[in-house]
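The values are calculated or read from the model by the stated rules, or taken from the named source; none is laboratory data. If you're wondering where the values come from, they're calculated on a predicted model, not measured in any experiment. Neighbour counts run over all protein chains shown; Cβ positions are idealised from the backbone, glycine included.
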Amino acid sequence: MRDGALFSPKRACLRATRQVYNQGLLESPQDVMVCVSGGTMALFKIPDKPKEEKLAQLSNQQRRQLDEIEANAIAEFKGQLDELESALGMLRMGHHFGWKVLYLLHSKKTIRKYEEILGGIKIRDLFPERGPSAYRSHGLRIVDGFTNFWKAISGEEHIEKRREVAK
């Protein structure tokens, strides 16, 4: 390192990722290298599954329930439309990714706000802990390595790529 050059964990992570790729350890775009706090790195292999295996197979009752929650939220909403849009997006993603991935995307406060917009639902009651696409979440794979999910998502640990998903 040059005199006066500052150490950048992000730059070090990018350099390490390039080195790992050059050594042939990253075989395809589905291989993901992630750097987390403290310079710890993790290499994940994301399986390439067909579309049908990535999506939740909802029953007619579950579909009706989602449609009803959506219709009521739209009809009763007053406020900023971008909040309604985000709440509806969370509603539609929940069965596919699960509530743990949603907590990685949003703060607890934001989740509570969206639950209220959606008529007072509780995502932990409505969605599974992990949906069929949960394996694609970089953040969830990292958090799985921590002993306490709630501490990990509270911000005590910096989690790179926590909001990214693989194909």
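Does K122 meet the test of being in contact with an Asp or Glu (Cβ under 8 Å, 6 or more places away or on another chain), at pLDDT 80 or above, exposed (fewer than 13 other Cβ atoms within 10 Å of the Cβ) and over 22 Å from K51 (Cβ atoms)?
yes
Kindly indicate which of H106, H138, H96 is out of contact with any strand residue (DSSP E or B) (no Cβ under 7 Å at 6 or more places or on another chain) and at pLDDT below 95.
Exactly one residue qualifies, and that residue is H106.
Which numbered condition in (1) assigned to a helix (DSSP H, G or I); (2) within 20 Å of the chain's Cα centre (by Cα); (3) surrounded by 13 or more Cβ atoms within 10 Å (Cβ to Cβ) is the only one that A56 fails?
(1)
Can you run down the residue pairs with Cβ atoms below 8 Å, 6 or more apart or on separate chains, where the first is in region 72-89 and of a type in the set (D, E, K, R) and the partner is surrounded by 10 or more Cβ atoms within 10 Å (Cβ to Cβ)?
E76/G119; E83/K113; E83/Y114; E83/I117
Only residues that are surrounded by 20 or more Cβ atoms within 10 Å (Cβ to Cβ) and either without any contact (Cβ under 8 Å) to a residue 12 or more places away in the chain or among the charged types (D, E, K, R) (or both): list them for region 90-110, please.
K100
Within region 127-139, is there a residue that is over 21 Å from K151 (Cα atoms), surrounded by fewer than 13 Cβ atoms within 10 Å (Cβ to Cβ) and either of a type in the set (F, W, Y) or in contact (Cβ under 8 Å) with a residue 24 or more places away in the chain (or both)?
No, that holds for no residue.
Please go through (1) in contact with a helix residue (DSSP H, G or I) (Cβ under 9 Å, 6 or more places away or on another chain); (2) surrounded by 12 or more Cβ atoms within 10 Å (Cβ to Cβ); (3) over 22 Å from A134 (Cβ atoms) for G79 and return the number of the only condition it doesn't satisfy.
It is condition (2) that G79 fails.
Just need a number here: residues in region 67-117 that are more than 18 Å from the chain's Cα centre (by Cα) and not in a helix (DSSP H, G or I).
The number of residues fulfilling the criteria is 4.
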